[in-house]
Amino acid sequence: MDATSAEPRQADLWRFEGRGSDFFGIALVNLLLTMVTLGIYRFWGKTRVRQYLWTQSHFADEPLEYTGTGLEKLIGAVLALLLFSLPLFVVSFITGLMMQTLPVAAFLLLLVVYPALIWLLGVALYRSRRYMFSRTAWRGVRGGMAGNGFAYGGRFLKLTLFQFITLGFATPFVTTRLWNALMNDAKFGSLAVTASADWRRLQGRFLLGWGVALVGYIVVIGWAVATLPRPGQPPTGDPMAQLATIGQLYLIALVVGIVVGAFMLSYLAALQRELWGSLRIGALRTEIDITARDLLGFWLVNIVLVVFTLGLGVIMMPYRIFSFYARRVRVTGTLDVAALQQSDLAAPRQGDGLADAFDIAAF
Amino acid sequence: MPTPSTSPPSDAGRSDARLHDGRDARAHVVSVERDGAALRLRGDEHDEQVALALLRRGQMTPAGLTLHRTDARDWRLIVAPGSDFARDLPRLGSWRPWQRGLAVAGTALGVASVAGIGWAGDALVSRLAPLIPPAVTAPIGKQLVAGMGPACTGAAGRAALGRLATRLAPAGEITGPLTLTIIDSPIVNAAALPGGEVVIFRGLIDEATSPGEVAGVLAHELGHVARAHVNKGLIRQLGLSVLTGGSDAAAFVNLALLLRATRADETEADGEAIRRLSRAGWASAPLADFFDRQRRKPERRGSGIAGLDDYAATHPPDAARAARFRAASVAGAVPVLDAAGWQALRTVCAVQKKAPPAAGV
């Protein structure tokens with residue numbers, strides 16, 4: 001019998017052992033093969049990337065396994081092209097033609113098309129997550145998601161509109177609601193995943209950033225109105241002074257942006273801590289140790305990495321993003337392996353083509 | 001943590017392995033022994049034979065080599081890396097010969113069709129171009145013309161231009177609609193747009209020293225219309241945006257791309273221009289003069305219309321083209337327009353000219 005059963009433990013059960021140099025080799029080969037095959041290889045390349053990242057991730061000293069294949073991703077992408085990209089192209093082409101002759105009908109059509117696109121984006125997010133979980137195994141036990149994503153798409157549309165109407169004020173509410181909705185559908189084998197992220201613990205930090213952004217926006221607009229010549233009026237004074245005025249305006253906008261960013265970093269770090277900290281998998285709990293400083297360092301290094309390699313550094317982004325989280329996550333609690341039964345959820349048969357079409361997968 | 005580990009094969013060809021049977025997350029220690037064409041697994045809860053033909057080699061981890069079963073997707077057996085029976089197993093996901101053949105054939109077909117489109121693409125596009133119905137192209141053209149600026153309304157001037165067009169392209173000769181518009185803009189240019197829309201900018205008429213030059217430019221643009229070159233541009237863009245997964249119809253009609261006709265198309269339109277001019281009894285030499293002047297002009301003004309620049313930018317004016325027009329010019333040509341007609345054409349925009357145009361015109 002297995003000695004891991006029902007043994008209480010507060011130690012961190014999660015370990016990530018990936019190495020950037022190993023990943024770079026994989027990513028470089030992927031890049032070359034993708035170029036040589038006019039892009040077709042990228043489905044296999046993505047599979048290879050995930051296989052590496054998953055195998056380097058250990059839960060209770062045992063590596064995760066990625067069971068997705070390149071072929072199913074290719075099939076998913078072809079389906080997404082036929083069922084999504086092509087119809088969308090036709091619809092937007094027709095709307096373009098109608099703009100000339102039937103502007104009202106074209107406007108009404110767009111009123112249907114745009115919400116439908118947001119809904120589809122939600123469906124794509126859900127299904128991409130479902131595909132990833134269903135292709136993740138530990139000791140032969142699969143993950144999965146209980147729904148098909150259509151209901152989540154509806155919720156995504158509703159909440160996104162709410163966020164939009166409130167000028168972003170409701171962002172913490174919307175973000176945590178969506179995370180909870182997504183993760184509460186997830187399962188690891190027979191174990192239910194539950195998420196109970198609470199927006200109230202985040203609203204304070206967010207409002208700080210939001211308020212600063214609002215004030216900054218008013219300052220920038222006010223400054224612009226005060227210093228720039230009115231439209232229609234011929235510009236007066238010498239051109240150098242005008243240039244200086246515009247430069248000043250850019251400088252102010254930059255300073256405002258940096259201040260808002262600093263406040264928002266603190267919110268974004270708190271958001272990650274809340275999202276991960278509220279996650280339970282059976283009797284296991286996760287938490288993540290991310291500070292605003294971590295996030296700042298992470299993105300600064302990313303920028304340096306891409307700029308100073310003339311863009312080649314982009315191929316390291318999947319690793320950078322995955323390892324940023326995987327190195328900071330902790331999993332504690334107990335797992336009764338005998339009680340962890342195989343998943344009874346049906347696994348999707350194709351890859352995450354829709355998410356691919358929306359270009360939303362980070363790794 | 002004390003998970004059971006694998007042990008190297010013992011003397012009797014028997015070794016310990018770790019089994020995840022796919023029912024739950026427990027790890028079972030089993031002894032593994034090769035038994036003919038099968039593998040015998042024995043443990044606390046397991047005593048079974050698995051045909052070697054069902055087994056595949058999966059990934060290698062520090063714990064050992066993971067074996068998969070083709071008939072049970074969640075079943076995993078982790079054996080010592082050196083196990084002799086594991087060496088000959090096919091890799092997980094490795095393809096059978098017929099699958100490999102299919103993949104090779106598919107790739108070859110794909111490469112061949114890409115190469116074929118590159119090679120025979122223009123011929124294919126030329127065949128398709130005349131088939132696009134005007135109902136599709138007309139709204140695009142109208143939209144583009146409307147976005148270029150105010151049209152000149154001088155009735156006598158437009159009538160004069162109409163006379164030129166009728167002479168160059170007699171009624172019924174060009175299938176589909178044909179609309180001429182003079183745009184009140186200082187750009188020195190003319191363009192053929194989708195839906196038989198031909199636009200001439202006031203700058204070009206101002207720049208022309210004789211009606212023959214305007215007639216030459218018009219003949220060239222009518223050549224583009226007659227040979228459906230604009231539709232070819234549309235098809236190329238459509239194909240491109242489908243291939244790149246683009247789905248934004250607003251970006252669909254890119255004026256700059258649309259007007260960048262291929263060299264072959266330009267040559268073809270030149271031929272059409274010469275044919276039409278000589279049929280009308282008009283000289284093509286003035287068009288050569290116009291080309292030469294454009295070529296010598298150093299500056300290229302921005303037009304203020306996205307995707308559109310001066311004539312020299314959209315019609316590469318090389319010496320060979322001018323020479324061709326000169327050589328083909330008919331002797332004893334008849335005048336293109338009488339003095340009154342020419343005067344009317346030159347003042348076609350005067351009716352609605354409001355503010356003085358930018359300096360230099």
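Can you spot a residue in the range A:318-333 that is within 14 Å of another protein chain (Cβ to nearest Cβ) and assigned to a loop (DSSP other than H, G, I, E, B)? No, the range A:318-333 contains no residue that is within 14 Å of another protein chain (Cβ to nearest Cβ) and assigned to a loop (DSSP other than H, G, I, E, B).
If you go through the range A:1-49 one residue at a time, how many are at pLDDT below 85 and not aliphatic (A, V, I, L, M)? Number satisfying all stated conditions: 9. Only one entry of A:31, A:64, A:38, A:88 meets the criterion of being out of contact with any strand residue (DSSP E or B) (no Cβ under 8 Å at 6 or more places or on another chain) and more than 8 Å from chain B (Cβ to nearest Cβ), and that entry is A:31.
Check whether at least one residue in the range B:157-171 is modelled with pLDDT under 90 and either within 21 Å of residue B:264 (Cβ to Cβ) or in contact with a Gly (Cβ under 6 Å, 6 or more places away or on another chain) (or both), and report yes or no. No, there is no match, as no residue in the range B:157-171 is modelled with pLDDT under 90 and either within 21 Å of residue B:264 (Cβ to Cβ) or in contact with a Gly (Cβ under 6 Å, 6 or more places away or on another chain) (or both).
Any residue at all in the range A:299-313 that is part of a helix (DSSP H, G or I), more than 26 Å from residue A:172 (Cβ to Cβ) and touching a Gly at 6+ places or on another chain (Cβ under 7 Å)? Among the residues of the range A:299-313, at least one is part of a helix (DSSP H, G or I), more than 26 Å from residue A:172 (Cβ to Cβ) and touching a Gly at 6+ places or on another chain (Cβ under 7 Å), which makes the answer yes. Quick check on residue B:178: is it surrounded by 12 or more Cβ atoms within 10 Å (Cβ to Cβ), more than 13 Å from residue B:196 (Cα to Cα), in contact (Cβ under 8 Å) with a residue 40 or more places away in the chain and over 21 Å from the mean Cα position of the chain (by Cα)? No, not satisfied. Where helices (runs of 4 or more DSSP H) fall wholly inside the range B:89-174, the ranges with 2 or more residues that are among the basic types (Lys, Arg) and assigned by TED's automatic domain parsing to the domain that holds residue B:276 are B:155-168.
Let's see how each residue does on (1) closer than 22 Å to residue A:76 by Cα; (2) not in a helix (DSSP H, G or I):
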residue	(1), (2)
A:122	yes, no
A:137	yes, yes
A:143	yes, yes
A:148	yes, yes
A:153	yes, no
A:157	no, no
A:173	no, no
A:177	no, no
A:180	no, no
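Restricting attention to the range B:38-60, and to residues there that are touching a strand residue (DSSP E or B) at 6+ places or on another chain (Cβ under 8 Å) and outside any strand (DSSP E or B), which single residue is farthest from residue B:93 (Cα to Cα)? Break it down stepwise before answering.
Applying the first criterion (touching a strand residue (DSSP E or B) at 6+ places or on another chain (Cβ under 8 Å)) to the range B:38-60 yields B:38-52, B:54-60.
Checking the rest, the ones that are also outside any strand (DSSP E or B) come to B:44-46, B:52, B:54.
Working: B:44: 31, B:45: 29, B:46: 27, B:52: 16, B:54: 12 Å.
Ranking the qualifying residues of the range B:38-60, first place goes to B:44.
Can you tell which of A:337, A:314 is β-branched (Val, Ile, Thr) and within 14 Å of chain B (Cβ to nearest Cβ)? Residue meeting the stated conditions: A:337. When A:194, A:171 are screened for being touching a helix residue (DSSP H, G or I) at 6+ places or on another chain (Cβ under 9 Å) and surrounded by fewer than 18 Cβ atoms within 10 Å (Cβ to Cβ), only A:194 passes. Within the range A:274-287, the set of residues being surrounded by 19 or more Cβ atoms within 10 Å (Cβ to Cβ) and assigned to a strand (DSSP E or B) comprises A:279, A:281, A:284, A:286.
Those residues that are part of a helix (DSSP H, G or I) and in contact (Cβ under 8 Å) with a residue 24 or more places away in the chain, I need them from the range A:12-44; list them, please. Working first, answer last.
As a first pass, look at the range A:12-44 and keep what is part of a helix (DSSP H, G or I): A:20-36, A:42-44.
Within the range A:12-44, A:20, A:22, A:23, A:24, A:26, A:27, A:28, A:30, A:31, A:43, A:44 qualify.
For the range A:97-116, indicate whether the set of residues that are touching a Leu at 6+ places or on another chain (Cβ under 8 Å), in a helix (DSSP H, G or I) and within 27 Å of residue A:347 (Cβ to Cβ) is non-empty. Scanning the range A:97-116, I find no residue that is touching a Leu at 6+ places or on another chain (Cβ under 8 Å), in a helix (DSSP H, G or I) and within 27 Å of residue A:347 (Cβ to Cβ), so the answer is no.
Scanning the range A:197-231 for residues that are without any contact (Cβ under 8 Å) to a residue 40 or more places away in the chain and surrounded by 17 or more Cβ atoms within 10 Å (Cβ to Cβ) turns up A:199, A:203, A:220. Of the residues making up the range B:123-141, none is under 28 Å from residue B:334 (Cβ atoms) and surrounded by 22 or more Cβ atoms within 10 Å (Cβ to Cβ).
Table: residues versus (1) exposed (fewer than 13 other Cβ atoms within 10 Å of the Cβ); (2) more than 10 Å from chain A (Cβ to nearest Cβ); (3) over 47 Å from the mean Cα position of the chain (by Cα); (4) hydroxyl-bearing (Ser, Thr, Tyr).
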| position | (1), (2), (3), (4) |
| --- | --- |
| B:24 | no, no, yes, no |
| B:70 | no, yes, no, yes |
| B:76 | no, no, yes, no |
| B:85 | no, yes, yes, no |
| B:98 | yes, yes, no, no |
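Determine whether the range A:108-130 contains at least one residue that is surrounded by fewer than 20 Cβ atoms within 10 Å (Cβ to Cβ), β-branched (Val, Ile, Thr), more than 12 Å from chain B (Cβ to nearest Cβ) and within 16 Å of the chain's Cα centre (by Cα). Looking through the range A:108-130, at least one residue is surrounded by fewer than 20 Cβ atoms within 10 Å (Cβ to Cβ), β-branched (Val, Ile, Thr), more than 12 Å from chain B (Cβ to nearest Cβ) and within 16 Å of the chain's Cα centre (by Cα). Residue A:358 satisfies every condition listed in (1) in contact with a strand residue (DSSP E or B) (Cβ under 6 Å, 6 or more places away or on another chain); (2) within 14 Å of another protein chain (Cβ to nearest Cβ) except (1). Being over 24 Å from residue B:220 (Cα atoms) and of a type in the set (Lys, Arg) holds for only one residue in B:100, B:158, and it is B:100.
Tell me whether the range A:9-19 contains one or more residues that are farther than 30 Å from residue B:75 by Cβ and over 22 Å from the mean Cα position of the chain (by Cα).
Taking the range A:9-19 first, the residues farther than 30 Å from residue B:75 by Cβ are A:10, A:19.
Filter again for over 22 Å from the mean Cα position of the chain (by Cα), leaving A:10, A:19.
Checking the range A:9-19: at least one residue is farther than 30 Å from residue B:75 by Cβ and over 22 Å from the mean Cα position of the chain (by Cα).
The values are calculated or read from the model by the stated rules, or taken from the named source; none is laboratory data. These numbers come from a predicted model, not from an experiment. Quick reminder, even Gly has a Cβ in these numbers, built from the backbone with ideal geometry, and neighbours come from all protein chains shown.
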